[in-house]
Amino acid sequence: MSANEPVPPPPANILAVDDTPANLQLLVGLLKEHGYRVRPVPSGVLALQAAAASQPDLILLDITMPEMNGYDATRAIRALPGSKSRIPIVAMTANVMEAEMQRCEEAGMDAFVPKPYETAQLLAAMERALGRSSTA
């Protein structure tokens, strides 16, 4: 690396939330393959607890989950004190209707990625939400 090349940002700490074990395993593998640090959690309740206890750089959040769905988890995270309330949240859902995207925005999510997601689309949404370039 020459002195003129920009220094790449450190790997982001990602909280990956999905109640389907296979989906979560695939997501974690994909993110690690692209250099992210990942903490997997299987529910909205555990996502809220993890966001409150630590401060991930970004939360990838499935919308449809039992116990606490992605909308409720987002609202609860947005109610946390201080900077924890501003953790970027990227929604993931199979429902790609315009009304769904509106609900994500109203809940306080920063971005929306339809499932099944394309890797490039997911990574670009994450990087934008992190305030980085859209290339991963």
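The values are calculated or read from the model by the stated rules, or taken from the named source; none is laboratory data. Please read these numbers as outputs of a predicted model, since none were measured by experiment. Each accessible area value is taken on the protein alone, full model and side chains, heavy atoms only, with ligands, DNA and RNA left out. Shrake-Rupley method; radii C 1.70, N 1.55, O 1.52, S 1.80 Å.
Quick look at the numbers
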item	result
Shape category assigned to the stretch 21-62 from the gyration tensor of Cα positions, a/c cut at 1.5	oblate
The chain shape via C-alpha gyration tensor axes, a/c threshold 1.5	prolate
Candidate residues 45, 17: accessible-area rank, largest first, probe 1.4 Å	45, 17
Interchain or long-range residues, amide H under 5 Å from residue 92's placed H	61, 62, 63, 113
Ranking by accessible area, most exposed first, for 110, 19 with a 1.4 Å probe	110, 19
For residue 68, distant residues with modelled amide H under 5 Å away	44, 45
Percent accessible area from carbon and sulfur atoms, the stretch 1-116, protein chains only, probe 1.4 Å	56 percent
Rounded to whole Hz, the Karplus (6.51, -1.76, 1.60) HN-Hα couplings of the stretch 80-86, x for glycine and proline	5, x, x, 5, 4, 6, 10
Residue-normalised accessible area of the chain, given per residue in Å² at a 1.4 Å probe	53 Å²
³J(HN,Hα), Karplus 6.51/-1.76/1.60, whole Hz, each residue of the stretch 119-126, x for Gly, Pro	3, 4, 5, 5, 5, 5, 5, 5
